[in-house]
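Colleague: Take a look at this one; I'll ask things after.
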Amino acid sequence: MLFSLRQVSLARFLISPFGQAPFLSLLLLAFCPVCQAAEFHLERIRLPKGFAIEIFAQDLPGARSLALGAKGTVFVGTRGEGKVYALLNGGTPQAKVFTIAHGLNEPNGVAFHDGALYVAEIDRVIRFDRIEERLANPPQPVLVNGSFPHEKHHGWKFIRFGPDGKLYVPVGAPCNVCDPKDARFASIMRMDPNGQHLEIFAKGVRNTVGFDWHPATRELWFTDNGRDLMGDDLPPDELNRAKGPGLHFGYPYWHGKGIADPEFGGRMPKEKFVPPEVELPAHVAALGIRFYTGSTFPAEYRNRIFIAEHGSWNRSVPIGYRISMVGLHDGSDGDYRVFAQGWLHNGRAWGRPVDLQTMPDGSLLVSDDLRGAIYRISYRK
């Protein structure tokens, strides 16, 4: 049996967080119909009337988290590739990709602040100063904080600066479901831009790989991936709201709005945790989210939450591989619906959305780590 370089790379991406051997990765790839890579099929993407999708950039292997620089540079994190990219003039013939760093430890998270690019690895956050002035000759990184756990299971990090000027850094649970003694696990932490005053902001968060702040209330909203091995339809993924610090969001004791964990459910009273604002379908792997604050989408899309659903890996019938959205009612619960779909076709995925970024022109970028690409969704009436 022969495998292409694309298949080998994809197998490593799919299995690496579970620490399996490379040969097992190839076997799983060969027999996993959802995991087959293919060419771009944008004609399959279904969007609401008036919207269009196009390729903004490609040849970005493993493209995941996105951040926008002050001068329009799009920064892109990866996982198994160990690289961080910078993209100029995306969507034009003058598009150019720079590799800012390589050989890093799953640098999934990227954030831009005060002229510097912050990058989150498994156990540390580093910073590249004055980065937009030095894309072709990046500076050596500065260590911001190197005190995070070394565990790789759910150890890759999404990061973003909040309205309070602090950098928010999640630490996922080091397991499918467990009750770790180290309070940093299954939390969202935050710290000053210089790495000082690191503290736990929220607890009971199994694995969030995307969050944003409401444009009006400044409250933190985040996705959380539900545990595995409770069946195809349980428990739900979650969209949560943190009205302030110090809240507990249930894991590992409670899932969704009130599903007791089979093993840990009796260890916390139900009234002690904050249930999700919206229960998302189980196993869609909800990752990056953005409140749409642009001005070119129709008015009804303003301040809606867009969610990148990476797609299931262990469900008998695949689900996800799409962009969904939630419209809030009075700043609280809202309607959930699919906005863009078609990366999953006849049970096979040719793309996997990861993160979202609103651009100054009002368009919405979508990263895809399976295709190594970024798409642009725009409204053309």
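No lab work stands behind these numbers, since they all come straight from the coordinates. Since the model is a prediction, treat every value here as computed from it, not as a measurement. Reconstructed Cβ throughout: ideal geometry from the backbone, glycine too, with neighbour counts over all protein chains shown.
Colleague: How large is log10 of I(q)/I(0) for the stretch 193-254 at q = 0.20, 0.27, 0.30 Å⁻¹ when the intensity is taken from the Debye formula with one equal scatterer per alpha-carbon?
Modeller: Log10 of I(q)/I(0), two decimals: -0.85, -1.22, -1.32.
Colleague: Semi-axes of the equivalent ellipsoid of the chain: what are they in whole Å, largest first, if each equals the square root of 5 times a C-alpha gyration tensor eigenvalue?
Modeller: So the equivalent ellipsoid measures 27, 25, 23 Å along its semi-axes.
Colleague: Further question on the same structure: Sequence gap at least 6, Cα distance under 8 Å: using those rules, report the relative contact order of the chain to the nearest whole percent.
Modeller: Answer for the chain is 16 percent.
Colleague: Sticking with this structure for a sec: Using only DSSP helix segments of four residues or longer, with each worth -39500 (n - 2.57), what per-residue ellipticity at 222 nm results for the chain after dividing by its residue count and rounding to 500?
Modeller: -1500 deg cm²/dmol
Colleague: Of the cross-linked pairs 157/381; 152/203; 49/166, which ones have a Cα-Cα span greater than 27 Å in the structure shown?
Modeller: With Cα atoms farther than 27 Å apart: 157/381; 49/166.
Colleague: Taking H as built 1.01 Å from N, whose amide H comes closer than 5 Å to the amide H of residue 348, not counting residues under 5 places away?
Modeller: For residue 348, whose amide H was placed from the backbone, there are no distant partners under 5 Å.
Colleague: What percentage of all Cα-Cα pairs in the stretch 222-373 are separated by more than 21 Å?
Modeller: Cα-Cα pairs of the stretch 222-373 separated by over 21 Å account for 48 percent.
Colleague: So, in Å, what gap is there between the alpha-carbon centers of the stretch 261-281 and the stretch 121-169?
Modeller: Spelled out, the Cα-based centre of one part sits 31 Å from the other.
Colleague: Dimensions of the stretch 118-216 along principal axes (Cα, Å, largest first)?
Modeller: Rounded to whole Å, the extents work out to 45, 35, 22 Å.
Colleague: In addition: With +1 assigned to the C-beta of every Lys and Arg and -1 to the C-beta of every Asp and Glu, and no other charges, what is the dipole magnitude of the chain about the Cα centre in debye, to the nearest 20?
Modeller: 480 debye
Colleague: Cross-link partners among aspartates and glutamates for residue 270, C-alpha distance below 12 Å, same-chain residues fewer than 8 apart left out?
Modeller: By straight Cα distance, residue 270 reaches 261.
Colleague: Give, as a single signed number, the net charge of other residues whose beta carbon lies under 15 Å from the beta carbon of residue 172, with Lys and Arg counted +1 and Asp and Glu -1.
Modeller: Surrounding charge for residue 172 is -2.
Colleague: Ranked highest first by average number of other Cβ atoms within 10 Å, how do 237-248, 220-231 line up?
Modeller: Top to bottom by mean Cβ count within 10 Å: 220-231, 237-248.
Colleague: Mind checking the log10 I(q)/I(0) for the stretch 63-191 at q = 0.17, 0.18, 0.20 Å⁻¹? Debye, one equal scatterer per Cα, no solvent, two decimals.
Modeller: Values returned for q = 0.17, 0.18, 0.20 Å⁻¹ are -0.84, -0.92, -1.10.
Colleague: Tabulate in residue order the Karplus-calculated ³J(HN,Hα) for the stretch 121-127, using 6.51 cos²θ - 1.76 cosθ + 1.60 with θ = phi - 60°, rounded to whole Hz; enter x for Gly and Pro.
Modeller: 9, 4, 10, 7, 10, 10, 9
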